[in-house]
1. Over the residues of the range 223-295, compute the C-alpha Rg and express it relative to 2.2 N^0.38 Å.
2. Using θ = phi - 60° and the Karplus form 6.51 cos²θ - 1.76 cosθ + 1.60, what ³J(HN,Hα) does each residue of the range 220-229 get, whole Hz, x for Gly and Pro?
3. Kirkwood Rh over alpha-carbon pairs of the range 264-332, then Stokes-Einstein at 20 °C and 1.002 mPa s: what D in µm² s⁻¹, rounded to an integer?
4. When N counts the residues of the range 130-282, how does its alpha-carbon radius of gyration compare numerically with 2.2 N^0.38 Å, as a ratio?
5. Can you give the FRET efficiency for N146 and R319, using 1/(1 + (r/R0)^6), R0 = 35 Å, r = Cβ-Cβ distance, to the nearest 0.05?
6. What aspartates and glutamates sit close enough to K76 to cross-link, taking a C-alpha to C-alpha distance under 18 Å and skipping anything fewer than 8 places away on the same chain?
7. For the range 170-237, what is the Kirkwood estimate of the hydrodynamic radius, computed as the reciprocal of the mean inverse distance between distinct Cα atoms, to one decimal in Å?
8. Quick check: with the 1.4 Å probe, what order do R228, R320 take by accessible area, largest first?
Amino acid sequence: MTAPPSALARALLGAVAASLVACGGEPEPAPPEAEPTLVGAEAAPSASEAPGTERRGPASVVIRARSFPKDVLALKAKDLVDVSLSGERGTVRGEVISVRPRELMLAIEGQGGAVTRFEPRDVEAVELLFRDDPREYTVGGDAPLNEDETWLDRFADREILGKDPRTLWKGRFARNVPLLVVRPFKLNALSFVKRRGRKVFFLPSRTPAVFRVHDQVKLVGISLGTQRAPGGKDLNLGEVYLYLVRRGQSVFSVYSRERLQGRNFHPKSVERFLEREPVTLAVTRPGASTYLKIVRVRASVARQYSRYLEKTPDRPAIRRLRARRSPELAKAEQQVRAVYKAVDLTREEDLDRPVVIEVRVPTVDAGIHLLPFRKELGLD
């Protein structure tokens, strides 16, 4: 007969049972204390304030004639370009709609796709930033099977990139905890270009993203970024953090490879983030393409659960205990059974196969981050 679960296991299971909320379930009631309030109502930054570094790449074409040169005429619809305007009027970024000898028509980034026409006299230079590769398509079957799966790491950024920030703030991420800025700071930021297959393309923005006192910031996701250099191979950018920023009545998106630093935010809002930020916990079988459970949990539950899992013997440890006929085997098996029970795997046949449990744990170590945790357990 195996020993009963430890007090820690019982407490953990009680906390998990009380706090796990299915992805489509009812939202938690609002916390009793008031959310951080805003002072003032400033407008969101214009497209010219978008976040990166000034540069003029090898694909830049300087305009010196009354008609656009052949390199500009060779642009294709949906090409992404930077256009340096004559008369020191700055640079705009947009997607090509059409190009003719005396007219370049763009859908300008950051202006809701507003169409702008440029004559050669308006333009000092044109730089090609991104061109679609028609050979790249979404891998067949590589899509969420249901609403719950949209919260998984490999699909979650599809619900953020290219979507309306205000709708995201009030809808999908209404329960995420806003961090209140108390010290101005900047981040080197990226512009989202588009998704092709499993790759998500970004480009450096021309100016950094500026955060002001009383801004509210939500960390809503992480994407694996790629940058395509014209004429060169794709560059892996690593993790790109996806932020929503509320300034007065305006909400806008900021994408950056840089983490937020806790010192720039009100300590109470950081505490609330570490306690209440909702994250996704997923349970699957090793090598399986479908999931046994996907739930949204509070940060405090994710942290408590990951600590318990760290102390739970993994499959190699169970095998070693069994080979030695260790008296600790019964206790170790009961720990594993407690984890299975916590994720609703209660039948004896459920114990015949191992499980993988994944969750991201909110942390402020080396910047505010969602730290990935993964553990494979089984009784083999």
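1. Dividing the Cα radius of gyration by 2.2 N^0.38 Å gives 1.58.
2. 10, x, 9, 10, 8, x, 9, 10, 9, 8
3. After rounding, the answer is 143 µm²/s.
4. Against the empirical 2.2 N^0.38 Å value, I get 1.09 for the range 130-282.
5. Numbers: r = 35 Å, r/R0 = 1.00.
The value I calculate is 0.50.
6. E95, E103, E109, E119, E127, D132, D133, E136
7. Result for the range 170-237 stands at 14.3 Å.
8. These residues rank, largest area first, as R320, R228.
The values are calculated or read from the model by the stated rules, or taken from the named source; none is laboratory data. The structure presented is a predicted model; accordingly, all values stated were derived computationally and were not measured. As a convention, Cβ positions derive from the backbone with ideal geometry for all residues, glycine included, and neighbour counts pool all protein chains shown. Heavy atoms of the whole protein, side chains included, go into the accessibility calculation; ligands, DNA and RNA do not. Shrake-Rupley method; radii C 1.70, N 1.55, O 1.52, S 1.80 Å.
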